[in-house]
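Working notes for the structure below.
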Amino acid sequence: MIIKYKENWEETKKRMDAFWNKEYIDRCCLSIKLRKDKSDLSYNSDPLVLSKSEYTLEETRTDSDYIFRHFDHYTKNTIHLAEAIPSLMPGFGVAAQACYFGAKQIHAPDTIWFESVIDEPDINKLVYDKDEVALNAHKKLTSDLSERAKGLFMVGMNDNCGIIDALSNLRDNAALLVDMVDNPEFVEAARDKITDVWKKTQKQFYDLSKGSNDGGSSHSWMQTWSRGIHGQLQCDFSVMISPAFYERFVLPELEACTSFYDNSTYHLDGQEQIRHLDLILSVKRLDNIQWTAVAGQPRMSNFIDVFHKIQKAGKGLVLAPDLDEVPFLLKNLSHKGLIIVVSGIKDIDEANDLIKLAEKCAHL
């Protein structure tokens, strides 16, 4: 398959295959993106791209023409070096599968919130929208983008991730915490019901987008590509619960979701989730851990012992460190099943030097 904005795609596929197989060719995978020149990459610099001021905030996230033009403008002016992937994520809001049960979206400048709709722990109030209004809108956006993107860039999997996170969107965080103590059977039944819908709908999104992904699937901000269907798993809600509650309510979700995906990566949201790491690593079909550096917490390189533990457990790593941390991580981590998403590279010489350093440092 030819992807216009990714010149070394066939080589990248081989390296991605090695990544999922916990191998490496001559180094770990690196995602490095550079602007082609010093030209203005703001969207308004392209006469074909309509001004953001002409759209409402919601329209900038739901209008396929607007989204396509903006991403196409940015991507065609970007050099995708090493294993960097031009992949657009249709963003519905984190755990937006809650919308398929009636959760209402609230569009804020930097995120999408959800207005809860279940006012008591009654499984009969968790009702799937048979008209599929939100689902059909999400599918149409994915389909429109995928059709226009073919041969140019990829349209990745969406941010419908986290089953308990979706339940918290529907029920409200505080109420769900009380439910876990007073009505645990409701939480378990709701989790399983949402999981069934998640599986069905994620398969539909994969079928709609795989034509732009060389028959596989991509994940944009983690910069991964896989043969078959893969995606992100998470439970950001878990920063508020104990390992015992995680084992009861979240672990079954991970077992179900990893069994559904061909390949999977768990988004671990900083040091507050380390207490759940042993449980997460116990999930046999989970492939990787993606570590997020949370504001106010120590830098990524401070957690090298945690990364060693993850690798020793046979799981891969997806890391996006500060640029000055990259050499330390290259030297101190196994390159098997490792992706480092690099930012802050200034020019092609600096990028090539980093690639050479990775080759020099590569080890098991």
Gly162 - would you say it is crowded, with 16+ Cβ neighbours inside 10 Å, touching a residue at least 24 places away in the same chain (Cβ under 8 Å), touching a Ser or Thr at 6+ places or on another chain (Cβ under 8 Å) and closer than 21 Å to Gly231 by Cα?
no
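When the residues of the range 146-158 are filtered to those that are under 18 Å from the mean Cα position of the chain (by Cα) and not in a loop (DSSP other than H, G, I, E, B), which remaining residue is farthest from Cys99 (Cα to Cα)?
We begin by selecting, within the range 146-158, every residue under 18 Å from the mean Cα position of the chain (by Cα); these are 146, 153-158.
Now narrow it down to the ones that are not in a loop (DSSP other than H, G, I, E, B): 146, 154-155.
On the way: Ser146: 22, Met154: 25, Val155: 21 Å.
Among those that are under 18 Å from the mean Cα position of the chain (by Cα) and not in a loop (DSSP other than H, G, I, E, B), it is Met154.
Assess whether Ser301 counts as being over 17 Å from the mean Cα position of the chain (by Cα), of a type in the set (S, T, N, Q) and part of a loop (DSSP other than H, G, I, E, B). It would help to see each step written out before you state the result.
On the way: over 17 Å from the mean Cα position of the chain (by Cα): yes; of a type in the set (S, T, N, Q): yes; part of a loop (DSSP other than H, G, I, E, B): no.
When the stated conditions are applied, Ser301 does not pass them.
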Any chance Asp179 is touching a residue at least 40 places away in the same chain (Cβ under 8 Å), crowded, with 17+ Cβ neighbours inside 10 Å and over 14 Å from Ile123 (Cα atoms):
no
Looking only at the range 319-354, filter to residues that are of a type in the set (Asp, Glu), outside any loop (DSSP other than H, G, I, E, B) and open to solvent by 20 Å² or more (accessible area, probe 1.4 Å); which one of those is farthest from Lys36 (Cα to Cα)?
Asp324
Within the range 227-249, track down each residue that is surrounded by fewer than 24 Cβ atoms within 10 Å (Cβ to Cβ) and of a type outside the set (A, V, I, L, M, F, W, C).
Arg227, Gly228, Asp236, Ser242, Pro243, Tyr246, Glu247, Arg248
Lys104 versus (1) modelled with pLDDT of 95 or more; (2) out of contact with any helix residue (DSSP H, G or I) (no Cβ under 8 Å at 6 or more places or on another chain); (3) of a type outside the set (Val, Ile, Thr): which is the lone unmet condition?
(1)
For the range 7-52, how many residues meet the condition of being at pLDDT below 75, assigned to a helix (DSSP H, G or I) and either touching a strand residue (DSSP E or B) at 6+ places or on another chain (Cβ under 6 Å) or more than 14 Å from Ile67 (Cα to Cα) (or both)?
1
Report, ordered by the first and then the second residue, all pairs with beta carbons closer than 8 Å, sequence separation of six or more or different chains, a first member in the range 201-213 that is open to solvent by 30 Å² or more (accessible area, probe 1.4 Å), and a second member that is among the polar types (S, T, N, Q).
Leu208/Thr142; Leu208/Ser143; Leu208/Ser146; Lys210/Ser217; Gly211/Ser146
Turns out the helices (runs of 4 or more DSSP H) fully within the range 170-277 with at least 2 residues that are of a type outside the set (A, V, I, L, M) and in contact with a strand residue (DSSP E or B) (Cβ under 9 Å, 6 or more places away or on another chain) are 184-209, 251-260
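Do you know which of the residues in the range 305-318 that are under 23 Å from Trp221 (Cβ atoms) and not basic (Lys, Arg) is surrounded by the most Cβ atoms within 10 Å (Cβ to Cβ)? Full working, then the answer.
Our first condition is that a residue be under 23 Å from Trp221 (Cβ atoms); within the range 305-318, this holds for 306-307, 310-311, 315-318.
Next, from what is left, pick out any that are not basic (Lys, Arg): 306-307, 310-311, 316-318.
Values: Val306: 17, Phe307: 21, Ile310: 23, Gln311: 19, Gly316: 25, Leu317: 23, Val318: 28.
Looking at residues that are under 23 Å from Trp221 (Cβ atoms) and not basic (Lys, Arg), I get Val318.
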Contact list, first residue from the range 50-67 and of a type in the set (A, V, I, L, M) and open to solvent by 40 Å² or more (accessible area, probe 1.4 Å), second anywhere and at pLDDT 90 or above and assigned to a helix (DSSP H, G or I), beta-carbon distance below 9 Å, six or more apart or interchain, is Leu50/Asp65; Leu50/Tyr66; Leu50/Arg69; Leu50/His70
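Any chance the range 253-267 includes a residue that's open to solvent by 10 Å² or more (accessible area, probe 1.4 Å) and within 22 Å of Ser334 (Cα to Cα)?
Kept after step one, since they are open to solvent by 10 Å² or more (accessible area, probe 1.4 Å), are these residues of the range 253-267: 255-256, 259-260, 262-263, 267.
Next, only the ones that are within 22 Å of Ser334 (Cα to Cα) stay: 263, 267.
So far as the range 253-267 goes, yes, one or more of its residues are open to solvent by 10 Å² or more (accessible area, probe 1.4 Å) and within 22 Å of Ser334 (Cα to Cα).
The values are calculated or read from the model by the stated rules, or taken from the named source; none is laboratory data. Bear in mind the structure is a predicted one, so any value in this text is a computation, not a measurement. Cβ sites come from the backbone with ideal geometry, for glycine too, and all protein chains shown count toward neighbours. Just so you know, the surface numbers come from the protein's heavy atoms only, side chains and all, with ligands and any DNA or RNA stripped out. Shrake-Rupley method; radii C 1.70, N 1.55, O 1.52, S 1.80 Å.
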